[in-house]
C-alpha cells in the first residue's frame, strides 16, 4: 500500500516534470542514470559488439598485410599497422570476382522483377477481385512460403536437367521466384488492403478497365510496398545458396556466395586475406542498399510476419 | 425500386449476349484467372511439381545420369539402419532446439532493450539488423576465420587473458564444432527475432504500463502480465519461421564444416546434399529430404494449435 502511494507520488511528480519536458519518453524518467547504465546501455553495448565483431574482423583482415595476419605476437591482432589494398585489387583484377558479382546481381535483379510482377497481379486478384476460392488460394500461397529449399533442391535439379537449363543463370532466374512470390504476395496483399476501394469504384464508374485501375491507381499508391518487396526479395536472392550450389557447375557462371566457398579454398595459409576481401566486397552492395532503405526493409520483414 | 428493375434485366442480358472475349475480359472469375496465371505457373512448375517429384524419387533408385525404377521403401529401410542418418537427425534436432530457444531468449531481451527510450534509437535499431542483411555464407566465412584452429582471435584473446593455455580447436572437436555452428546460427538469427518482436512491442499501448506502474506492478509483473500475453501471437509466428528456417538450414553448416568432423555437424539437409548430389544417389538424397517433411508439419501444427488456443483464451478473457 505504501509502495503504491510512493509510486503514485513519483508518478505525479514525474507528470509535472513531463509537462515541462514533453517528449515521447514514456516512463523512462522514472529511472536513474546509473540504473539505466546497468540495465540498458551495458547489455545493449555487449550485444552490439558481439553482433558487429565479425564484420570488423572481416574488414580488418581484408586490409591486413599477410605477415601481420599470422604473426600475432609482434603486432596487435586487433589493429592494422600498414593497411594494404593488395587483397582487394587481387580479387578484382586477378580473379573472376567481377564476373561472379555481375552474375549475382543479374540473377537477383531478373528474378526479383519477375516475382514482383507476378505478385502484384496475384495480390490484386486475391484482395480486390474476390474471385471464387480466392481465400483458399491465399492460404495455399502462404503454405508455399513454408516449403524450404532444402527439401526441393534434389527434385528441382532433375527438373532443371530435364528442361536443359543446367549450369545456366536462367535456371536460378526461374527458380528463385518460388521463394519470393509467396512472400511478396502476402506483403502486397497487406498494402493493397489499405488502399480505399472507393477510389477503384470511382474509376470503374468512369469506365476504367481493371488493368487501368491496377496500373494507374493501385500501383502508384502501393509504391512503398513495392519498394519493400523489391529490396527484401533482392536480398533473399543475393543470399540464396543451395540452389546456386546445386545448379551451377562451371566457374564463370557461379554467384558470389558459391564461388567464395568453392574457388578460394586452396589450402594456402594466406588465403584469409582474399577470402575476407571477397566476403566484404560481396556484402557491401547489400549493406549500402540497406542503409538507403532501412525503413522499407524493416516494414517488409515485419509486414510479412504480421499478416 | 426503379434501380432494381433496371438492373435486373441488365444482368440477364449481360450473361447471355455478350461475346465470349468480352466475358473473358470482364467476368470477375475469368479475370482473376488471368491475374493469377504467372504466380500459378511459377509455383506449380517449380514448387508443387518438384515437391511431389521429390516424394516419388525417394521411392526410386534414381542416380545422376540415369532414371530410376520404383523400389518401394528400400531407401527408407536403408536409412533406418544407417547410423549416420540417425546422427544427422539427432544433430538437426539438437541444433534446432538449442539455437531456437537461445535465439528467442536473446531476441526477446534485445527487443525489450531496443523498445526503451535512448539516444540514437533509430540508428541502433538499423545496425542491429546488419547480420541479417549480409549473406549467410559470407558471414559464415568470417566465422570460419574466427574459428581457425591456429589463428583464432578468440583463442588468442583468451590465452592473453590467461584463461586457457592452448588454442581451442573450434571446428575439429565434435562437440566444440556443434557449439560453434550453433553460436553462428544464433548470431545470425537474433536480429530477425529481435526486430520482428520489436515491431510487436511497439503496438502495445504505453498507457497499459503506466496504469500497471500506478498499481504498483514490478518490472517482472509488467512483462509477465502485459507484454507477454499481448506479444504471444507474434511470438508464435516469429518462432514458427525461426524453427522452420533453423531446421532446414544448409548454408551455414556447409560453409563452416561441410558436416565434419566425423559427421558431428551433419544436418539432414547437408547429408541429403552429400548423398544426393555429391555421391549422385538422388533417390537416397530425396528420401532424406522427404524425411524432413513430418518434422516440418509437426512444427507448423504445434504453432498453429498454439495460436488457436491463445485466441480462444483471449476471447474468453475479454468477456
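In chain B, inverting the average of 1/r over every pair of distinct C-alpha atoms gives 24.3 Å as the Kirkwood radius.
For chain B, a Gaussian network of Cα nodes joined below 10 Å ranks B:167, B:185, B:29 by mean-square fluctuation, and the top entry is B:29.
What is the mean number of Cβ atoms from other protein chains located within 10 Å of the Cβ atom of each residue in peptide A:118-125, rounded to a whole number?
Details: counts 9, 3, 3, 7, 9, 2, 3, 9.
Partner-chain Cβ atoms within 10 Å, mean over residues of A:118-125: 6.
For the residues of A:280-286, the average number of beta carbons from a partner chain within 10 Å of their own beta carbon is 3.
Among B:77, B:215, B:173, the residue with the largest mean-square fluctuation in a Gaussian network model of chain B, with springs joining Cα atoms closer than 10 Å, is B:215.
One chain, two ends: residue B:90 and residue B:76. Fully extended at 0.36 nm per residue, the span grows by 3.4 nm beyond their Cα-Cα distance.
The residues A:299, A:32, when put in order of fewest to most other Cβ atoms within 10 Å, stand as A:32, A:299.
Annotation: peptides A:33-42, B:60-69, B:126-135, B:249-258, ranked by per-residue average of other Cβ atoms within 10 Å with the highest first, follow the order B:249-258, B:126-135, B:60-69, A:33-42.
Between residue B:49 and residue B:258, what is 0.36 nm times their sequence separation minus the Cα-Cα distance? Round to one decimal in nm.
Full extension of this stretch gives 72.4 nm more.
Site pair residue B:121 and residue A:31 shows an inter-label distance of 1.2 nm when each label is modelled 7 Å from Cα along Cα→Cβ. For chain B, modelled as a GNM whose springs connect Cα atoms under 10 angstrom apart, the maximal fluctuation among B:43, B:31, B:113 occurs at B:31.
For chain B, the relative contact order comes to 26 percent (Cα pairs under 8 Å, sequence separation of at least 6). Legend: P(r) of the range A:91-306 from all alpha carbon pair distances, 5 Å bins from 0, whole percents, reading 1, 7, 13, 16, 16, 14, 12, 9, 5, 4, 2, 1, 0, 0, 0.
Take B:278-285, A:118-125 and order them by the average number of nearby Cβ atoms within 10 Å per residue, most first; the result is A:118-125, B:278-285.
Round to the nearest 0.05 the FRET efficiency obtained for residue A:95 and residue B:41 when R0 = 45 Å and r is the Cβ-Cβ distance. List each step's numbers first, then the result.
Details: r = 38 Å, r/R0 = 0.84.
Rounded to the nearest 0.05, the efficiency is 0.75.
As a rough footprinting exposure proxy, the listed residues B:95, A:176, B:109 were ranked by other beta carbons within 10 Å of their own, and the order from fewest upward is B:109, B:95, A:176.
Give the average, rounded to an integer, of partner chain Cβ atoms located within 10 angstrom of each Cβ in B:43-56. Walk me through the numbers on the way to the answer.
Numbers: counts 11, 2, 5, 13, 12, 4, 3, 13, 6, 1, 7, 7, 2, 1.
Mean shielding count: 6.
Distance between the pseudo-spin-label points of residue A:212 and residue B:205 (7 Å out from Cα toward the beta carbon): 4.5 nm. Note on residue A:71 and residue B:175: their simple-model spin labels are 3.9 nm apart, each label 7 Å out from Cα toward Cβ.
No lab work stands behind these numbers, since they all come straight from the coordinates. Remember, it's a predicted structure, so these values are computed and weren't measured experimentally. Cβ atoms come from the backbone with ideal geometry, glycine included; neighbour counts cover every protein chain shown.
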